[in-house]
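Every number here is computed from the coordinates shown, using simple stated rules; none is lab data. Only a predicted model underlies this, so the values are computations on that prediction, with no experimental measurement involved. Note that each Cβ is placed from the backbone with ideal geometry, even for glycine, and that neighbours are counted across all protein chains shown.
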Amino acid sequence: MNIKNMYVIFLTLFVTPSIKTTVTLGVPLWDVISTTPAVPGERVWDLAADTKKNTILIASCVDAIATSTGFLQEQIDTLSSSTETCGILIKKDIQIIAGKQYNTIQAALDFIGIPQSLSDQKTRFVINICSGEYDEDLTIPSSRIITMLAYGPVTLGDGAGPFYQSTTPRNITWFTTDNTEFTNGPRPTLLISTLYPVITSTTHPVYAGGFDVSGDFIVTNTDGAGAATTHELHLYGVKVRQDFDSTTDFGILNTYMRRCFFDQVFNGPNANLNLVHELEIDSLITCATYGQIVDCEFSGGMTVSSSFISPVPPIGFFNTTFFGTYTSSSSNLLLDAASNFFFKANGASLAGTAIKVIQGDLVA
């Protein structure tokens, strides 16, 4: 393969404390490698206002590639005609379409903004974030489909204290305002993930590759109780050090979470825990209902308010440790044999009208 014919295509933005690579529209990949480093803070891949599309690359994720031709050559040797390396989509004979680089995550979120039309609302954005500390609160715009992908450990905060605690806890606030949606538009969706399959469902492994939120994770709707929008939240490799709170979100919140850790309360009375794997929550969980709970530890009890049936079977607790009280008057507690063992060994209890149903009893 002749790498002189390889081109980089970005529909992206970058955010980093130190920007190291300048790229000009339409330059071959080989020329990108040999580009002189830019002045820190300089923007690259300048966009016209009407070209914002799809992927936003935040941080200088190309640093490793742009400064090491050996690494790049190794990657290119394994490329097919279309692949993705370090968040960079590489296609033969394709030129850079657009891109932008920022020093803060919020600047990229502000660039996305709220949709102005149905076609705008259908645009899907990917924000790629290189590892480091981002000492800022984040406000996620409403009615958008946004993926935030961390290319290594990310701390939302300054991480200056012991165990990367932050001087000022930094929050994520996701607005789910219904009046910014268009008829027949897709459900607003927020996905936060890390590139590496790091275990964050315990205290310390998050340092190696997780997305560490030093403050609260807030989902809120300013429309009032009349709003009934449904929205989707996906979290993978995320640690939230303070509260999760969706008490002022009046729609339906479908959640899908893997390898996450919530240090404080999970207060989501409108949240359906549809798919939860390898999750630890150290305080009380309040939710609408639950679906598939696998390899988790719930340390502070759980309150379930709805009998809604999750669309992600099999439903129940599987190999999950439970402490405290399960409270519900609308949804029973479905346990497999391992989860029932932990439930009894930990002295957990039931409240309301809920009963335990042991999953093995359902097998003929």
Handout entry: Quotient of Cα Rg and 2.2 N^0.38 Å for the stretch 247-337, N being how many residues it contains
Key = 0.96
Problem - HN-Hα J in Hz across the stretch 135-143 - Karplus 6.51, -1.76, 1.60, θ = phi - 60°, x for Gly and Pro - result: 7, 7, 7, 10, 10, 8, x, 7, 6
Problem - Dipole axis of the stretch 206-356 (+1 Lys, Arg; -1 Asp, Glu on Cβ), positive-most option in TYR207, PHE318, PHE262 - result: PHE318
